[in-house]
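A short write-up of the structure that comes next.
The values are calculated or read from the model by the stated rules, or taken from the named source; none is laboratory data. All values reported here derive from a predicted model rather than from experimental measurement. Cβ coordinates were reconstructed from backbone atoms using ideal geometry, including for glycine residues, and neighbour counts include every protein chain displayed. All accessible areas refer to the heavy atoms of the entire protein, side chains included, with ligands and DNA or RNA removed. Shrake-Rupley method; radii C 1.70, N 1.55, O 1.52, S 1.80 Å.
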Amino acid sequence: MEAHSSLKGYSIAGSRIPILITLRKTSDLKPHEETVAADLKTLVEALRANPVLRHPIIADRRTGIVLDGTHRLAAIKQLRCNFIPSALVDYDDPQITIERWFRQFSGSNVRNLEKDLRRLGPKEVTHDECEDGLSKRRWYATVEDTRFCLAFPVRSQNPYEMARDSHNIEMAARKHGVSIAYQDNKDTKSGDSESLIMSTIKVEKKEVVETVKKGKLFPPKSTRHLVPSRPLGGGVPIDWLRGSDFSEAQSRYQEYIQSRKVKRLPEGSRIGSRRYLEEVFLFE
């Protein structure tokens, strides 16, 4: 990992991976996924109503690639802020991994969506072949229920193109007015027998880096980064993130974050409405 002697901040003691909490220039950070317009609008409106950024984003210390916080970064930029609190990690650390988001399609138009998807000429395969083909990248996506599995053969071995093709299926679902829920497993909601589950390939970290270097963004929810330690809290007023003097803003933030109490919460802790599978360091 390259040394960044200019980086000042708060190093979290006892975390599973090294984490530096600091302020970064928004121009130095690189998202790897697109935002969802409706989600971004909601976040910007929320920050206007309550102008406090509650949590730091998570980014790679060396490249500036954003692992968690794409919408927060975009919202801060829209609000004319030049800096953002960031938890910097080493993306090369093998404890940081990537999983997938599964899509659950449900609603009255699910069967019409199925008919349209069948017109794309997918292969109908067993459920075991479904997952095996995704892991070997024979298909870019699968759509299944308990009765069948539709597998969509790859047109290109480029993971960016596979993610784009998968996103087109999701867009088709939206055009049908189908409800889409993102989840970390294939389980369907209880009692929802009419739903479909869409699975995609698992993008690798080196593919994220290569795609960002080319100036491209994956579609939303193409990756689900798992970081073993997550900092939360330490909210700062939006006004602190405006201005042009980075050194002054960084010193102010460093003094502030070092004055906070930090509480370590074990894996599985519930904070608000969300349960965190990773350990949490809560800045109070």
- Note on the structure: Carbon and sulfur atoms account, in whole percent of the 1.4 Å probe accessible area of the stretch 78-178, for 47
- Computed ³J(HN,Hα) along the stretch 140-145: with the Karplus parameters 6.51/-1.76/1.60, θ = phi - 60°, integer Hz and x for glycine or proline, the list is 8, 7, 10, 10, 8, 9
- Query: Out of the DSSP beta bridges found with both residues in the stretch 1-157, what percent are antiparallel (nearest 5)?
  - Reply: 75
- Message: At q = 0.09, 0.20, 0.21 Å⁻¹, what log₁₀ I(q)/I(0) does the stretch 135-284 have when each alpha carbon counts as one equal point scatterer in the Debye sum?
- Response: -0.49, -1.22, -1.26
- Convex hull over the alpha-carbon atoms of the chain: what's its volume per residue in Å³? 144
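Just for the stretch 153-284, what percent of DSSP beta bridges are antiparallel, to the closest 5? If you can, show how the numbers build up before the last one.
Working: 6 of 11 bridges.
Expressed as a percentage, antiparallel bridges in the stretch 153-284 total about 55.
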- DSSP bridge orientation in the chain - percent antiparallel, rounded to nearest 5: 80
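If R₀ is 45 angstrom, what is the calculated FRET efficiency for the pair THR126 and ASP245, using the beta carbon separation as r and rounding to 0.05? Don't jump to the answer; show the numbers that get you there.
Numbers: r = 62 Å, r/R0 = 1.37.
After rounding to 0.05, the efficiency reads 0.15.
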- Message: Show me, for the stretch 101-114, the HN-Hα J-couplings you get by feeding each phi into the Karplus relation (A = 6.51, B = -1.76, C = 1.60, θ = phi - 60°), rounded to Hz, glycine and proline as x.
- Response: 9, 9, 10, 9, 9, 8, x, 5, 9, 4, 5, 5, 4, 4
- Message: Could you check the spin-label model distance between ASP116 and LYS25? Points 7 Å from the Cα along Cα→Cβ, value in nm.
- Response: 4.4
- Query: Most mobile of ASP93, ASP187, ASP116 per a Gaussian network model of the chain (Cα springs, under 10 Å)?
  - Reply: ASP187
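Which percent of the accessible area of the stretch 184-255 is formed by carbon and sulfur heavy atoms (probe 1.4 angstrom)? It would help to have the intermediate numbers written out before the result.
Numbers: 1600 of 3520 Å².
Using a 1.4 Å probe with all protein chains present, the stretch 184-255 comes out at 46 percent carbon and sulfur.
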- Where no second cysteine Cβ lies under 4.7 Å, the cysteines concerned in the chain: CYS81
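For the chain, what is the mean residue ellipticity at 222 nm derived from helices alone (per DSSP H run of n ≥ 4: -39500 (n - 2.57); sum divided by total residues; nearest 500 deg cm²/dmol)? Working shown, then result.
Values: 7 runs with 79 residues, N = 284.
Rounded to the nearest 500, the figure is -8500 deg cm²/dmol.
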- Task: Please give the per residue accessible area of the stretch 154-228, computed with a probe of 1.4 Å over protein heavy atoms only, in Å².
- Result: 50
- Note on the structure: In a Gaussian network model of the chain with springs linking alpha carbons closer than 10 Å, the residue among GLY272, GLY121, GLY177 that fluctuates most is GLY272
- In order through the stretch 53-58: 3J(HN,Hα) via Karplus (6.51 cos²θ - 1.76 cosθ + 1.60), integer Hz, x for Gly, Pro: 8, 7, 10, x, 7, 10
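Give, in nm to one decimal, the length gained when the segment between ARG252 and LYS41 is fully stretched (0.36 nm per residue of separation minus the Cα-Cα distance). Present the calculation step by step, with values, prior to reporting the outcome.
Details: separation 211, 0.36 × 211 = 75.96 nm, distance 2.89 nm.
Stretched fully, the ARG252-LYS41 segment lengthens by 73.1 nm.
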- Task: Return the tail of the calculated pair distribution for the stretch 14-120, meaning the percent of Cα-Cα pairs more than 21 Å apart.
- Result: 49
